[in-house]
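What follows is a set of notes on a single structure, which appears directly below.
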Amino acid sequence: MDNKRSQWGSRVGFILAAAGSAVGLGNIWKFPGRAYEGGGGSFLLIYLLIVIFLGAPLMITELSVGRASQSNIVSTFQRLGHKGYSWVGWIGVCGAFVITCYYCHVGGWVLRYVFGYALEAPAIYEDSLGYFYEMLGAHADGTTSVPWTAIGFAAAFTALNAVIILKGVVGGIERFNKIGMPALFILLLILLARTVTLPGSMQGLKYMLSFDWSKVSFSTILAALGQAFYSLSIGMAIMITYGSYLPKNENIAKNTTLICIMDTLVAVLAGFIIVPGVFATLGEEEIGKGGGFAFVSLAKMFESMPGGRFFGVLFYLLLLFAALTSCISLIESIVAFLTEKFSLQRKTATVWLCLILFAIGCLYTCSQAAVPLHGIWLDGTNGVTYPAFCDFMEYLTDRIMIPVCALGCCIFVGWVWKPEKAIEEVKSCGAAFKLAGIYKILIKYVAPVAILTILIMSFTSGMTLS
Ligand code: TRP
């Protein structure tokens, strides 16, 4: 994405870039933990409903706004004649910024595990939880120290992103995803087969298929909403930038459907591997420690598989590429915005941005286990709490910035710019938009009312739904 408005070379190019940005750490590292917290099956159901009824229409909306305005996140609203809505873009950019701060660090952890499985797999097998916490600076003897391992790998991952962007080889990485993503998918299927045959995993499978409504509150629904939008890369107005590179003859509705299906499939698959994996390997009592699900729970699986070490390296390598494509597209969108808005040079913007992202991300990594840094939070279910700073960062994006930006997009398109214009934009590829009527109702009434209600209720009501 350069300053000039280039276009995607081909349909495959766009799908890959959009799917590459959507399928990332969110699907494999974040989703399973959220699904566990939200009661398994009940979370899954809420998540799916949100993807279908809120996620897909919003993706259509962001893409069509972007293609119609041919402009970046913030200027879009001005370009369409409604400068007053630029705040929606600003929240989007800020959300993307906070996300990228921790994305660079979790990407670093993945890099650490690539080396971990390659060089010292037995150490991971022996004590997978201990290995994970050791990386984060919490030692087996109960002492803590600055997590230099995690920070070092995060620095390497961030630098890798910067180099790829500055060298202009983003296309190469995205093309690699053409092989990498199907490979990741197949590997997930293999891992699924392994999980369900591990002793003790049945309990986890049952959990993922059962509806525990006592664990569901409005906060849970808000978490599912934030997670769904996060995973689909929407609610940060970044798909507006993506849409602006989309040629007129592309079918926005069809592409949206494809991306939503792919992304959700990967997330659900990961949930069905990792949650039962956690039950089988760590047992219920350790589950509360959360966080490192994707890092800790897979060890037993790899250990008990023929060629497990090889599969371990392969898995984290593929996850690394998935994380890279997502992270690059996040950084690119912010850089594109900075260069256009403040006439900064691309190189300067990229280097400074990466340095700042990495520095703030250190707070995220340090507060995981080693340093007691806290944020503050208020919600209707738990009142005032002081979550670890890392959780605070995720709450901030998933539970405030993303939903508010998404709400802004709905109101803007539903009531100001008008859904007819978005529908026209979708139809400009020449094909019919069969669900246009439903889309209009969803974007105008259902989505804004639902998002607003969930937001307000989760902050004000103390009730669970059961
Ligand atoms: N969807 C990505 C993931 O699942 C993360 C992400 C959120 C993202 N918003 C984005 C990536 C915007 C690219 C652009 O990991």
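The values are calculated or read from the model by the stated rules, or taken from the named source; none is laboratory data. All values reported here derive from a predicted model rather than from experimental measurement. Positions of Cβ are backbone-derived with ideal geometry, glycine not excepted, and every protein chain shown enters the neighbour counts. Side chains included, ligands, DNA and RNA excluded: accessible areas come from the protein's heavy atoms. Shrake-Rupley method; radii C 1.70, N 1.55, O 1.52, S 1.80 Å.
A few comments on the model shown:
- In region 239-252, the residues that are within 15 Å of the ligand (Cβ to nearest atom) reach residues that are open to solvent by 10 Å² or more (accessible area, probe 1.4 Å) with C-beta atoms within less than 6 angstrom, at least six apart or across chains, in these pairs: Ser244/Gln70; Tyr245/Gln7; Tyr245/Trp8.
- The sole residue among Gly55, Gly66 that is within 16 Å of the ligand (Cβ to nearest atom), touching a Ser or Thr at 6+ places or on another chain (Cβ under 6 Å) and not acidic (Asp, Glu) is Gly66.
- So Leu258, is it assigned to a helix (DSSP H, G or I) and open to solvent by 30 Å² or more (accessible area, probe 1.4 Å): yes
- Among the residues of region 14-37, not a single one is touching a Pro at 6+ places or on another chain (Cβ under 7 Å) and either within 16 Å of the ligand (Cβ to nearest atom) or not polar (S, T, N, Q) (or both).
- Out of Leu209, Leu192, Leu205, one residue alone is surrounded by fewer than 19 Cβ atoms within 10 Å (Cβ to Cβ), in contact with a Gly (Cβ under 6 Å, 6 or more places away or on another chain), closer than 26 Å to Phe272 by Cβ and not acidic (Asp, Glu). It is Leu209.
- Matching option when the condition is touching a helix residue (DSSP H, G or I) at 6+ places or on another chain (Cβ under 9 Å) and open to solvent by 30 Å² or more (accessible area, probe 1.4 Å), among Ala96, Ala138, Ala118: Ala118
- Pick from region 153-168, criterion open to solvent by 20 Å² or more (accessible area, probe 1.4 Å) and either within 23 Å of the chain's Cα centre (by Cα) or touching a residue at least 40 places away in the same chain (Cβ under 8 Å) (or both), ranking: nearest to Gln345 (Cα to Cα): Leu166
- Residues satisfying the stated conditions in region 307-345, i.e. more than 18 Å from the chain's Cα centre (by Cα) and among the small types (Gly, Ala, Ser): Gly307, Gly308, Gly312, Ala336, Ser343
- Exclusive hit being aliphatic (A, V, I, L, M), surrounded by 14 or more Cβ atoms within 10 Å (Cβ to Cβ) and modelled with pLDDT of 95 or more, set Val335, Val351, Val371, Val426: Val351
- Matching residues, region 212-238, being in a helix (DSSP H, G or I), away from the ligand (no atom under 16 Å from the Cβ) and open to solvent by less than 10 Å² (accessible area, probe 1.4 Å): Leu222
- Residue tally, condition open to solvent by less than 10 Å² (accessible area, probe 1.4 Å), part of a helix (DSSP H, G or I) and not aromatic (Phe, Trp, Tyr), over region 22-49: 10
- Selection status of Thr325, assigned to a helix (DSSP H, G or I) and either within 16 Å of the ligand (Cβ to nearest atom) or on the phi > 0 side of the Ramachandran plot (or both): yes
- Residue that is nearest to the chain's Cα centre (by Cα) [pool: residues in region 73-128 that are outside any loop (DSSP other than H, G, I, E, B), farther than 22 Å from Gly361 by Cα and hydrophobic (A, V, I, L, M, F, W, C)]: Val88
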